[in-house]
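Just so you know, all these numbers are worked out from the coordinates, no wet-lab data involved. Predicted model only: the values in this text are computed from it and were never measured. In this analysis, Cβ positions are derived from the backbone assuming ideal geometry, glycine residues included, and neighbour counts consider all displayed protein chains.
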Amino acid sequence: MSEIHPSAVVEDGAKIGQDVKIGAYTFISKDSVIADRVEIMQGAGIYGKTIIGEDCKIYPYVMIGTPPQDLGYKEEDDVRVEIGKRNIFREFVTINMGTLHGGGVTRVGDDCFVMIYSHIAHDCQIGSNVIMANNATCAGHVEVGDFTVIGGMTPIHQFVKIGEGCMLGGASAISQDIPPFCLAEGNRAVVKGLNAVGLRRRFQRDDIRALQRAYKELFRSGRAIKEVAEELLKQSDNEKVKQMCKFILESKRGIPYERKIDDK
């Protein structure tokens, strides 16, 4: 049995699962699908064609499925938001619908923690187990890999891709692609090293050592980064190294890093 506060507005047509809690003065659109055990707190709004997966917790004044901040958007456009399972969205988070020219869908994976005042713009593709600290913002068409942490007050430029397992320092400005497993910070942000803490939490020593060797070749050899990535992709038998190299070779916005040569 779901609990819906008398002051909540749930439009006819909305699909509400089992054991859902909908708080005071919330709004649920007619095209929304709310899965089982979701909690939507006071003053939050679920707009447009939005799917909320099981066990999500949506704090006060979160707005999901609002129109994209795109001048080409029209009300009749068939666009939507898809939210996975077990996500937490803290107060005043905003997530916009997709756009027709951007694929039509804004997605968030599973088990994400999105903190106060963060923004996920139209057509973003946010992976699973992602953390966005307070006031982190993703512009349109941004892609964020699984297990990435975005520091507070950090904006990410439109069309930027962030690889799996990255750590983006607080108050950074991300305008280029950040390869998997890397730490980046600064304004403008550059790759500073590997995300050592994240690697230790998830991977075995052999993978970590292989990534350390690859990082040194890619970013400290003084050679062109894509040239090195091509060589490592052919030579390495480590899947994590190959993942990093493929990302670098496919990057369209370029990889920002300090041009240092390691003479050791």
Seminar exercise, completed: Here the Kirkwood hydrodynamic radius of the stretch 199-250, Cα-based and in Å, equals 11.0 Å
Problem set entry | Cross-link pairs beyond the 22 Å C-alpha cut-off, checked among LYS85/LYS252; LYS85/LYS242; LYS216/LYS246; LYS57/LYS161 | LYS85/LYS252; LYS85/LYS242; LYS57/LYS161
Exercise. Taking the chain as a Gaussian network, where each spring joins two C-alpha atoms under 10 Å apart, which residue of ASN195, ASN129, ASN187 fluctuates the most?
Worked result: ASN187
Exercise. Calculated FRET efficiency, ASP206 and ARG253, Cβ-Cβ r, R0 41 Å, to nearest 0.05?
Worked result: 0.85
Problem set entry | q = 0.10, 0.15 Å⁻¹, the chain: log10 I(q)/I(0) [Debye, one scatterer per Cα] | -0.53, -1.00
For this session: Project the alpha carbons of the stretch 16-107 onto their principal axes and report the range along each, largest first, in whole Å.
Result: 37, 21, 20
Seminar exercise, completed: Helix 239-250: inclination vs the chain longest Cα principal axis, degrees, rounded to 10, gives 80 degrees
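Gain in length, GLN158 to SER7, computed as 0.36 nm per residue apart minus the alpha-carbon separation, to one decimal in nm? Working shown, then result.
Values: separation 151, 0.36 × 151 = 54.36 nm, distance 3.78 nm.
So the extension gain works out to 50.6 nm.
Suppose we keep just the DSSP beta bridges with both residues in the chain; what percent of those would be antiparallel, to 5? Spell out each step's value before the answer.
On the way: 5 of 59 bridges.
If I count the DSSP bridges inside the chain, around 10 percent turn out antiparallel.
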Exercise. So what's the angle, to the nearest 10 degrees on a 0 to 90 scale, between helix 225-235 and the longest Cα principal axis of the chain?
Worked result: 80 degrees
